[in-house]
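Asks: My questions will all concern the structure given below.
The values are calculated or read from the model by the stated rules, or taken from the named source; none is laboratory data. On a predicted model such as this, the values are computed, not experimentally measured, just so you know. Positions of Cβ are backbone-derived with ideal geometry, glycine not excepted, and every protein chain shown enters the neighbour counts.
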């Protein structure tokens with residue numbers, strides 16, 4: 001009987017050791033383990049969760065926001081966008097010419113977007129940086145087109161018009177007046193949205209709008225994750241067209257009488273040379289001649 005009790009004690013001790021070991025914390029390269037983890041301790045990423053990610057973590061150093069995991073990552077340095085591999089196979093000169101064109105160059109009909117599709121923004125979310133963006137971001141890299149204005153209107157109605165109003169006058173749906181006859185109690189917006197038709201806004205540079213779209217301003221949140229690079233600029237084009245309409249001026253693909261600095265009508269854009277013209281008029285450079293700089297400063301949001 002004594003031997004049986006000893007065996008049982010050994011079994012109990014062994015079971016306790018196994019149970020405690022199964023709940024051992026993480027240490028070094030060991031990720032730790034958990035006894036009978038329930039379904040709440042999921043290691044899967046939750047794309048719509050913004051709070052701190054604390055499941056399956058053991059200390060504050062391994063706790064971080066899920067939002068930081070779900071944000072888009074920058075492309076790997078040195079990667080080539082789909083469709084551009086042939087450009088690099090044709091040699092250094094060919095790749096430099098394409099990169100210069102895609103990053104702006106000296107022509108008004110080129111767009112400052114790197115071939116990997118990522119357009120970085122070099123301004124922080126501060127008042128000082130906002131002022132700098134207003135002073136430095138002037139030209140809209142996209143020409144004014146009917147298609148672009150139509151796209152800009154669609155996006156404006158979705159993201160902007162509900163506050164700034166269909167006309168841009170600051171009286172959107174959220175700040176509507178009460179209409180008891182229709183059972184409408186009025187808008188609930190805490191502050192009056194900006195009236196984009198006022199001279200202060202109509203005379204502001206494009207940088208004021210682009211910075212606000214990226215980071216937001218006052219009660220307005222940022223829309224950098226809602227609209228891509230081109231969509232932001234098309235919305236700015238449409239806002240300019242509303243300002244022009246309010247002043248009985250024109251802002252279209254045919255003409256810009258509001259302010260030439262705000263956008264270039266596509267009718268005034270010089271056509272790009274065809275491949276045949278480039279071949280006939282451009283002499284090949286010899287090794288060691290020419291400037292093959294990558295023109296990094298041209299890429300970005302302005």
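Asks: Does segment 209-220 include one or more residues that are in the same structural domain as residue 262 (by TED's automatic domain parsing), in contact with a helix residue (DSSP H, G or I) (Cβ under 7 Å, 6 or more places away or on another chain), over 23 Å from residue 254 (Cβ atoms) and in contact (Cβ under 8 Å) with a residue 60 or more places away in the chain?
Replies: Scanning segment 209-220 turns up at least one residue that is in the same structural domain as residue 262 (by TED's automatic domain parsing), in contact with a helix residue (DSSP H, G or I) (Cβ under 7 Å, 6 or more places away or on another chain), over 23 Å from residue 254 (Cβ atoms) and in contact (Cβ under 8 Å) with a residue 60 or more places away in the chain.
Asks: Follow-up question, since we're still on this one. Has segment 148-156 got any residue that is at pLDDT 90 or above and touching a strand residue (DSSP E or B) at 6+ places or on another chain (Cβ under 9 Å)?
Replies: Checked against the condition, which is being at pLDDT 90 or above and touching a strand residue (DSSP E or B) at 6+ places or on another chain (Cβ under 9 Å), segment 148-156 yields at least one hit.
Asks: Sticking with this structure for a sec: Among what's in segment 220-248 and is buried (at least 16 other Cβ atoms within 10 Å of the Cβ) and in a loop (DSSP other than H, G, I, E, B), pick the residue that is modelled with the lowest pLDDT.
Replies: So the residue we want is 227.
Asks: With the condition kept exactly as written, say whether any residue in segment 162-169 is touching a helix residue (DSSP H, G or I) at 6+ places or on another chain (Cβ under 6 Å), more than 14 Å from residue 239 (Cβ to Cβ) and crowded, with 19+ Cβ neighbours inside 10 Å.
Replies: No, segment 162-169 has no match at all.
Asks: For segment 209-248, give me each residue that is within 14 Å of residue 262 (Cβ to Cβ) and within 16 Å of the chain's Cα centre (by Cα).
Replies: Residues satisfying the conditions are 209, 210, 233, 234, 235, 236.
Asks: With 197, 192 as the choices, which residue is modelled with pLDDT of 90 or more and more than 25 Å from the chain's Cα centre (by Cα)?
Replies: 197
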